[in-house]
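First comes the structure, then the notes that go with it.
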Amino acid sequence: MPSPRQLHLGAVMRPVSIHTGAWRYPGAYPDANFNFAHLKRFARKLEAGKFDAFFMADHLAVLNMPVEALKRSHTVTSFEPFTLLSALAGATERIGLVATASTTFDAPYHIARRFASLDHISGGRAGWNIVTTSNPDAALNFGLTEHKEHGERYDRAREFYDVVTGLWDSFADDAFTRDRESGLYFDPDKMHVLDHKGEHLSVRGPLNIARPVQGWPVIVQAGASEAGRQLAAETAEAVFAAHRTLAEGQAFYADLKGRMARFGRDPDHLKILPGVLVVVGDSVEEAREKRALLDSFVHYDSAIASLSIALGHDASGFDPDGPLPDIPDTNASKSGRERTIALARDENLTVRQLAQRLGGYGGLAFVGTPATIADAMEQWLVERGSDGFNVMFPYLPEGLDDFVDKVVPELQRRGLFRTDYAGTTLRDHLGLPRPANRFFPGS
Ligand SMILES: Cc1cc2nc3c(=O)[nH]c(=O)nc-3n(C[C@H](O)[C@H](O)[C@H](O)COP(=O)(O)O)c2cc1C
């Protein structure tokens, strides 16, 4: 019998892959972050696989890692997401298009316009990943000498959300009558001037764009701190989580959905989608070999920097081909150190292998056959660790093609994933209601 709940699948499109060694993998497209033909092919393939959304992350500075690591990674550079997603809107028909935009470094009027435009251009497929931007280097690119403090960033984000959604509601859905007879293009009684003056923002409005197709583009959030969870519980319709185990995922899932009642929200109107790196093989051994090969492409200089951070201890003097030595206690993250030591012991990894694992991609990974990957996804769904996943492909195009050609059919066979899109908008795909206009509720 098909499962009553089905998975939602987003694709995290660091175009070359999130894994820092991916550009060196045999057959990978090392220039995919600046090659539109490749990106178009990826988006179309994901759409053929009935994915809910293509998610384009964004950063307002190169990533803040030591130059020894920076110079070896493709993940630090990519296209500006609106330019890319607007172009992809014309190359696809159904798949959702989610972009990150920062409430710390952008202006709400700009953001409201860009997402409203993308939603119209794509026929209702836009989503906004609200971030407050954690990379302090971004401040230096915007005329500031220091980054705003975390709490203040989230306070501003909360107000920012009210302003942007208020701007999207500037016009009633039926405001544009375009009546040739009377010469009335729109009904002025159906236009609202926001006139917002708050603690962080001052915006008059109205927005100079008709209400988006979806009413509001889908609101996405990725923060995990107390302030991040609070913002998500109050506003988000999809959350990109980053938990490494089912138990952690379940705790986060219960916590976040539990917080929603306080805001009068239905827990089903927020989809929790952890990021997961998926490596597909014809056997589990083959998948593990692919992962090991991929990890081996992470240069030792950048790998060892990641290991030192994870351990809170300088690992540069360790024998790369020996086992991990005993690590003394430090003030750095205890849980991170313990997890790292446990990983080395459990999988009997050398210092080099451990460093390359963490330096490539240290988060949740499903490495196996289509059946074992589907088992894991099913378990997370059924045991309430998630409502689906944000899939990260280990190397492209092969990893993406493997997922769409091999894992998706297995999920469909089990009734865990759609065999076709039921609607046309991202809200339709995610099973989310279209928000009423707060100023024109009946329109
Ligand atoms: C799957 C995922 C995707 C993210 N994408 C972005 C992004 O595109 N841009 C960005 O600045 N931060 C991104 N982040 C970082 C978060 O917005 C947030 O800063 C981080 O998770 C720390 O959360 P906190 O500030 O609530 O502690 C992402 C995080 C996750 C887990």
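Read-outs throughout are calculated quantities, based only on the coordinates presented, and are distinct from any laboratory measurement. What you see is a predicted model; the values in this text were computed from it and never measured. All Cβ positions, glycine included, derive from the backbone under ideal geometry; neighbour counts span all protein chains shown.
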- Message: Angle check, please: helix 150-168 long axis (alpha carbons) against the longest principal axis of the chain (alpha carbons), in degrees 0 to 90, nearest 10.
- Response: 40 degrees
- Please report, for the Cα atoms of segment 325-399, the Rg to one decimal and the Dmax as a whole number; what are they, in angstrom? 15.4, 42
- Item | Anisotropy class of segment 202-299 from Cα gyration tensor, a/c 1.5 cut | prolate
- Note on the structure: Of G123, G362, G90, the most mobile residue in a GNM of the chain (C-alpha springs, cutoff 10 Å) is G90
- Query: Relative to the Cα centre, what is the charge dipole magnitude of the chain, using +1 at the beta carbon of each Lys and Arg, -1 at the beta carbon of each Asp and Glu, and rounding to the nearest 20 debye?
  - Reply: 600 debye
- Task: Provide the net charge surrounding T133, with neighbours chosen by a C-beta distance below 14 Å and charges set as Lys +1, Arg +1, Asp -1, Glu -1.
- Result: -3
- Would you please give the FRET efficiency between A107 and R180, computed as 1/(1 + (r/R0)^6) with r the Cβ-Cβ distance and R0 = 22 Å, to the nearest 0.05? 0.05
- Query: Pulled fully out, how much extra length does the chain show between D137 and E286, if you take 0.36 nm times their separation in residues and subtract their Cα-Cα distance?
  - Reply: 49.6 nm
- Taking segment 115-273, the whole-percent share of alpha-carbon pairs separated by over 20 angstrom is 61 percent
- Note on the structure: Restricting to aspartates and glutamates and to Cα separations under 15 Å from K257, and discarding same-chain partners fewer than 8 apart, the set is E226, E234, E237, E248, D266, D268, E383, D387
- Note on the structure: With the charge dipole of segment 122-186 built from beta-carbon charges (+1 for Lys and Arg, -1 for Asp and Glu) about the Cα centre, the Cα from G123, Y161, F171 projecting farthest to the positive end belongs to G123
- Task: Compute the length gained on full extension between D319 and R244: take 0.36 nm times their separation in residues and subtract their Cα-Cα distance, giving the result in nm to one decimal.
- Result: 24.2 nm
- By the C-alpha gyration tensor axes a ≥ b ≥ c (rounded if a/c is under 1.5, else prolate when a/b exceeds b/c, else oblate), the shape of segment 260-330 is oblate
- Item | Cβ-based net charge around R114, under 11 Å, with every Lys or Arg adding one and every Asp or Glu removing one | -2
- Note on the structure: For E383 and T83, extending 7 Å from Cα along the Cα-Cβ vector and measuring point to point gives, in nm, a value of 4.5 nm
- Note on the structure: In terms of the charge dipole of segment 319-443, which places +1 on Lys and Arg and -1 on Asp and Glu at the beta carbon, the residue among L432, A365, T340 farthest towards the positive end is L432
- Note on the structure: Simple spin-label estimate for S225/N348, 7 Å along Cα→Cβ, in nm, reads 4.3 nm
- Sites S443 and D420, calculated FRET efficiency, Cβ-Cβ separation with R0 45 Å, nearest 0.05: 0.90
- Query: Is the chain best put as rounded, prolate or oblate by its Cα gyration tensor, with a ≥ b ≥ c the root eigenvalues, rounded for a/c under 1.5, and otherwise prolate when a/b is larger than b/c, oblate when not?
  - Reply: prolate
- Item | Ranked by how many other beta carbons lie within 10 Å on average, peptides 29-35, 142-148 from highest | 29-35, 142-148
- Message: Suppose each label sits 7 Å from its Cα in the direction of the beta carbon; what would the K40-R413 distance come out to in nanometres?
- Response: 3.4 nm
- For A210 and D405, compute 0.36 nm times the residue count separating them, minus their Cα-Cα distance, and round to one decimal in nm. 66.3 nm
- Task: Note down the relative contact order for the chain as a percent, whole number, built from C-alpha pairs under 8 angstrom at least six residues apart.
- Result: 24 percent
- Whole-percent pair-distance distribution, where bins are 10 Å wide, for the alpha carbons of segment 1-153: 10, 35, 34, 18, 3, 0
